[in-house]
Amino acid sequence: MDEPNLNIKESDREAADEKMINEAYQQLLDSYLASPHRKKVDIINKAFNFARQAHKGVRRLSGEPYIMHPISVALIASAEMGLGSTSICSALLHDVVEDTDYTVEDIETLFGAKVAQIVDGLTKISGGIFGDQASAQAANFKKLLLTMSDDIRVILLKICDRLHNMRTLSSQPANKQYKIAGETLYIYAPLANRLGLNKIKNELEDLSFKYEHPGEYESIKARLATTESSRNLLFEQFTAPIREALDKMGMKYVIHARVKAPYSIWTKMQNKHVTFDEIYDILAVRIIFTPENRDTEINDCFKIYVAINKLYRPHPDRMRDWVNQPKANGYQALHVTLMSKQGQWIEVQIRSDRMNDIAEQGFAAHWKYKGGEIGEDSELNDWLHTIKEILDDPQPDAMDFLDTIKLNLFASEIFVFTPKGEIRTMPAGCTALDFAFQIHTFLGSHCIGAKVNHKLVPLSHRLQSGDQVEILTSKSQHVAPSWVNFATTAKAKAKIMAILRRNTREIQKNGEATLREFLEKHNLELTTSTLDRLCEFHDISKHEKFFLAVGNKTIILGDKDIDELLERKQQKSGWRKYVPFIGSGKEKEKENTIEAESQNPSLYVVTKEFNRKKPFILNDDNLSCLVFPTCCRPIPGDDILGYIDNKNHIEIHRRDCSVANKLKSSFGNRIIDAKWDMHRRTFFDATIQLSGIDRIGLLNEVTGVISSKLNINMKKLIVTCNDGIFEATIELRVYDREEVRHIIESLKQIADLKEIKQIQ
């Protein structure tokens, strides 16, 4: 009797699914038809029907039909990036090759070579950039970057895919959320930023923040909501005179309020050690105008700038001209900060509608204004060329490779001039050495110094925007290992490491030849066992290091080496052959490892039965069984996660720890959710730093608040007073983060203390 009811329920569900899919697809078509692209609806219909059939019966973790994901990715590509039919078809088909029996050849036959190429590129980097191992992660990341040079739409669609995954992340377990959010912050948000996708970059950061620090996220959202009415009033009062002036000029324009994103606010609160109320640039004003003639849009920017400067007093140090000199990601705008009548600094961004499209949609908008082609001389091509050069040189360590790439992804920009007056865009904080390698590898590898604004400076000198730089070279100069310490750009670091490795290989070859010649003189052969004995004798762990030492002449081969080899040869048949490494460095290393492990016999060991999807609960009884690295020193109240290390022990990190960010990106499958369940029985170390105006009795007040008023134990106190400035570092014993906040708030009441912050 129950069977017909089940069938009715199933048919109802299918009908609801059908309605949901059709409505989502119609929304995609409406978005495409409203765009300026040629209306190739037939091929989009064909791609949709093909993908719908291929994914039939499959559901996502959220329970919705799988085809909803490709439709959503295609809608982001169309509505939020402004991409056309080729990208929309590729988005609809992007999971078909990976998840079904269809091949790239099938896609090419039905939809053409270009769609097949993009789908193939997306399939190669599927499942996220990072695999289970760091080496796999680096290989996948290289694939991601290489596909960019084939067709930039591959990475644009990959970012669309990631954005939709982040929007639907709530259906994933917590440990997966941390992995995906960490990976997004580490790679995808910087990539979106580099490609000029400012709106998407902000959303990726905010969504990552929401899942990694839900409490902080909701707190900032609530504060933004409660201050909205006062912001709106300030916006109306500030922009009324501006509207009047622009109307008189006959400008066609719109003015928007831009509110700082929660992640940006939180980052500033962390970096500056300030509260929400102390952040003054939450509101900015954006003027977007439509010029009558594209040739006059730069002049129009400055006309508006002059007009609003007559209304409000500008901040002399906060004028940014990205109109004449766009950012590397194509961003163009004029920024000026003005003092409002309410006594508050407000940033005003002036841009044309074209500049606004590029600011929101990045390089995708270039197709709209450049007829589908990105120029060969564009900054994007320069950046891709730099990445290609880095990819050409294999990196031995995956994390080193990622960090090198990220040097370029995150960098702010400065503008530096060559002696001939040519402008070069460089990352902020770069050195004269970086500039030399940017010009040419030969110039970098032979540079001995530089002249900056006609003054002699060392290679480590940091450049400022507007500097004119002349590189000085010498044929006798060669790359030194110390250069790695003050090279900051990806290109310079990659080239220096490549040259050093090449030089090292050359020295190793010379060392091997010297050793072979030395042994032949004494009627001995260069065998593995001979090398082992010599390495052991000189306390060197690897053969390559021994060759290097001989080549560098840090080891001079002599009679003692021959005596050692002959003695070992004679003893080979004796008792020592049974203890080959006695007294050696390797044996000591092994002893140290055993000793270290024996000191922590009670550490928790993760077994196959361990459920990684459930949160691991930390309490007063199991803390001693866990590893607390010194990188972030979490205490109860901090958002935390667990990481299963190579020995299957559990490390506990703060979720915003820089080491944890790398672990989330590289070893996502080892990340577990972790939660506190403490009952104020265990003390934790916390360190705070104070600074202020020195006066008699200040230290007494500080210690009085901590010890007498709050009854907190001080473990260590360091105080310095120089030139009237009081500075103190205090190590405390506390139960949780809330206690630290209470201490800081209490100390803020003391007169003359100007800055109080916790050291992580």
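The values are calculated or read from the model by the stated rules, or taken from the named source; none is laboratory data. What you see is a predicted model, and the numbers here were worked out from it, not measured in a lab. Please note: Cβ atoms are built from the backbone with ideal geometry, for glycine as well, and neighbour counts cover all protein chains shown. Just the protein is used for accessible areas: all its heavy atoms, side chains included, with ligands, DNA and RNA removed. Shrake-Rupley method; radii C 1.70, N 1.55, O 1.52, S 1.80 Å.
Whole number please: convex hull volume per residue of the Cα set in the range 681-735, in Å³? It is 65 Å³ per residue. Accessible area per residue was computed with a 1.4 Å probe on protein heavy atoms; Asp656 scores about 50 Å². Computed log10 I(q)/I(0) for the range 598-725 at 0.12, 0.14, 0.23 Å⁻¹: -0.62, -0.75, -1.41, from the Debye equation with unit scatterers placed on every C-alpha and solvent omitted. Pairs spanning more than 24 Å between alpha-carbon atoms, out of Lys201/Lys748; Lys158/Lys662; Lys310/Lys341: Lys201/Lys748.
Between Leu61 and Met339, the modelled label-to-label distance comes to 5.3 nm, taking each label 7 Å out from Cα in the direction of the beta carbon. Looking at the range 652-696, the pairs of alpha carbons with a distance over 12 Å make up 76% of the total. Available extension along the chain between Leu699 and Lys451 is 84.5 nm, counting 0.36 nm per residue and deducting the alpha carbon span.
Given that compact globular proteins tend to follow 2.2 N^0.38 Å, what is the ratio of the alpha-carbon Rg of the range 1-111 to that value?
On the way: Rg = 15.5 Å, N = 111, 2.2 N^0.38 = 13.2 Å.
Ratio of Cα Rg to 2.2 N^0.38 Å: 1.18.
Amide H contacts for Gly449 (H built 1.01 Å from N in the peptide plane; partners 5 or more residues away or on another chain; cut-off under 5 Å): Leu472.
Just round it to a whole percent: the fraction of Cα-Cα distances in the range 494-542 exceeding 12 Å. Before the final figure, lay out the partial values.
Numbers: 835 of 1176 pairs.
The answer is 71 percent, as a whole percent.
Once each part is reduced to its C-alpha centroid, what is the distance from the range 702-760 to the range 63-106 in angstrom? With the range 702-760 and the range 63-106 each reduced to a Cα centre, they are spaced 55 Å.
Within the set Lys252/Lys327; Lys19/Lys199; Lys495/Lys542; Lys608/Lys675; Lys210/Lys647; Lys210/Lys614, which residue pairs have Cα atoms separated by over 23 Å? Lys252/Lys327; Lys19/Lys199; Lys495/Lys542; Lys210/Lys647, as the Cα separations exceed 23 Å there. Counting only the Cα atoms, the range 451-519 fills a convex hull of 107 Å³ per residue. Of interest is the spacing of the C-alpha centroids, which for the range 272-302 and the range 491-542 amounts to 60 Å.
Keeping every protein chain in place, order Trp266, Trp345, Trp322 by accessible area at 1.4 Å, biggest value first, i.e. largest first.
Numbers: Trp266 25, Trp345 75, Trp322 50 Å².
Ranked from most to least accessible, the order is Trp345, Trp322, Trp266.
The mean accessible area for residues of the range 475-556, using a 1.4 Å probe and ignoring ligands and nucleic acids, is 59 Å² per residue. Amide H to amide H, with H built 1.01 Å from N, Ile414 comes under 5 Å of Met426, Ala428, counting only residues 5 or more places away or on other chains.
Rg/Rh for the range 409-550 to two decimals, with Rh computed the Kirkwood way over all alpha-carbon pairs.
Working: Rg = 20.8 Å, Rh = 17.5 Å.
Reported Rg/Rh (Cα atoms, Kirkwood Rh): 1.19.
When the convex hull of the C-alpha atoms of the range 708-760 is computed, what volume per residue in Å³ does it have?
Spelled out: Cα convex hull of the range 708-760, divided by residues, is 97 Å³.
Treating each Cα of the range 11-76 as one equal point scatterer and applying the Debye formula with no solvent, the log10 of I(q)/I(0) at q = 0.22, 0.26, 0.27 Å⁻¹ comes out as -0.95, -1.24, -1.30. Applying the Karplus relation 6.51 cos²θ - 1.76 cosθ + 1.60 with θ = phi - 60° to the range 99-104 yields 3J(HN,Hα) values of 9, 10, 7, 6, 10, 4 Hz, where x marks Gly and Pro. Rg ratio for the range 252-316: its Cα radius of gyration over 2.2 N^0.38 Å, N being its residue count, equals 1.50. When nucleic acids and ligands are ignored and a 1.4 Å probe is applied, Arg533 ends up with an accessible area of around 50 Å².
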